[in-house]
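Undergrad: Let me begin by handing over the structure; questions about it come next.
The values are calculated or read from the model by the stated rules, or taken from the named source; none is laboratory data. Because the structure is predicted, anything quoted here is derived from the model rather than measured. Note that each Cβ is placed from the backbone with ideal geometry, even for glycine, and that neighbours are counted across all protein chains shown.
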Ligand SMILES: [Zn+2]
């Protein structure tokens, strides 16, 4: 897909600064950066999916959080509330979307990032909704990381990471991944820049 390739190149190579992990380790400025790194660990300290508001994709809050999830990843007999001030819904329905914490490493350091639906779906070739359904169908608990997610391990990728206001204000360096490229030519091109610099 040539058109996709050009826009990806623009975004990763021309529009944003390439950094090492140690350069961005401290959340100093609200900004997006490019890093090239390998996923070393899929952290399993948090759920791999969250209940997204069907209207705006923001994480919705269950009105009765003690209930068990059903096969579609939402909670049984529970209504959800969307607290996104920009969303037109307050009480909402949900569907699962990916939110996967990963530890990534480059030639200098390592950092924890959060991968969301769009990129995880691209790499895993399945949506969170379908993977939750598949996991439940196989009889596994949908809270436990399914083996499908393990293919992310050892993938070398180019990441656009987003240092948010939240990160800066709380001095928290678990950044959101706003885009991933697995294009080998692009990754190679980015890595060459480190050698030149
Ligand atoms: Zn919403």
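Undergrad: Can you tell me which residue within segment 56-79, out of those that are within 21 Å of the chain's Cα centre (by Cα) and modelled with pLDDT under 85, is nearest to the ligand (Cβ to nearest atom)? Spell out the reasoning first.
TA: Let us first name the residues in segment 56-79 that are within 21 Å of the chain's Cα centre (by Cα), namely 56-61, 72-74.
Now restrict to residues that are modelled with pLDDT under 85: 72-74.
On the way: 72: 17, 73: 16, 74: 14 Å.
By that ranking, first place goes to 74.
Undergrad: Within segment 29-55, restricting attention to residues that are within 16 Å of the ligand (Cβ to nearest atom) and touching a helix residue (DSSP H, G or I) at 6+ places or on another chain (Cβ under 9 Å), which residue is nearest to residue 152 (Cα to Cα)? If you could, list the steps in order and put the result at the bottom.
TA: First, the residues of segment 29-55 that are within 16 Å of the ligand (Cβ to nearest atom): 50-55.
The next check asks that each one be touching a helix residue (DSSP H, G or I) at 6+ places or on another chain (Cβ under 9 Å); those that pass are 50, 52.
Numbers: 50: 19, 52: 22 Å.
In this case the residue turns out to be 50.
Undergrad: Let me ask something else. Is it the case that residue 95 is without any contact (Cβ under 8 Å) to a residue 60 or more places away in the chain and within 16 Å of the ligand (Cβ to nearest atom)? Steps first, answer last, please.
TA: On the way: without any contact (Cβ under 8 Å) to a residue 60 or more places away in the chain: yes; within 16 Å of the ligand (Cβ to nearest atom): yes.
Judged against the criteria, residue 95 is a match.
Undergrad: Right, another one. Condition (residue is farther than 20 Å from residue 12 by Cα, touching a residue at least 40 places away in the same chain (Cβ under 8 Å), within 16 Å of the ligand (Cβ to nearest atom) and crowded, with 18+ Cβ neighbours inside 10 Å) applied to segment 98-119: is it met by at least one residue?
TA: yes
Undergrad: Let me ask something additional. Does segment 32-39 contain at least one residue that is at pLDDT below 95 and surrounded by fewer than 17 Cβ atoms within 10 Å (Cβ to Cβ)?
TA: Kept after step one, since they are at pLDDT below 95, are these residues of segment 32-39: none.
No, every residue in segment 32-39 fails to be at pLDDT below 95 and surrounded by fewer than 17 Cβ atoms within 10 Å (Cβ to Cβ).
Undergrad: Taking segment 5-22, which residues are out of contact with any strand residue (DSSP E or B) (no Cβ under 6 Å at 6 or more places or on another chain), at pLDDT below 85 and surrounded by 15 or more Cβ atoms within 10 Å (Cβ to Cβ)?
TA: Answer for segment 5-22, where residues must be out of contact with any strand residue (DSSP E or B) (no Cβ under 6 Å at 6 or more places or on another chain), at pLDDT below 85 and surrounded by 15 or more Cβ atoms within 10 Å (Cβ to Cβ): just 9.
Undergrad: Please identify the pairs in which a residue from segment 47-65 that is under 20 Å from residue 141 (Cβ atoms) and part of a loop (DSSP other than H, G, I, E, B) has its Cβ atom under 9 Å from the Cβ atom of a residue that is modelled with pLDDT under 95 and within 14 Å of the ligand (Cβ to nearest atom), counting only partners at least 6 apart or on another chain.
TA: 64/79
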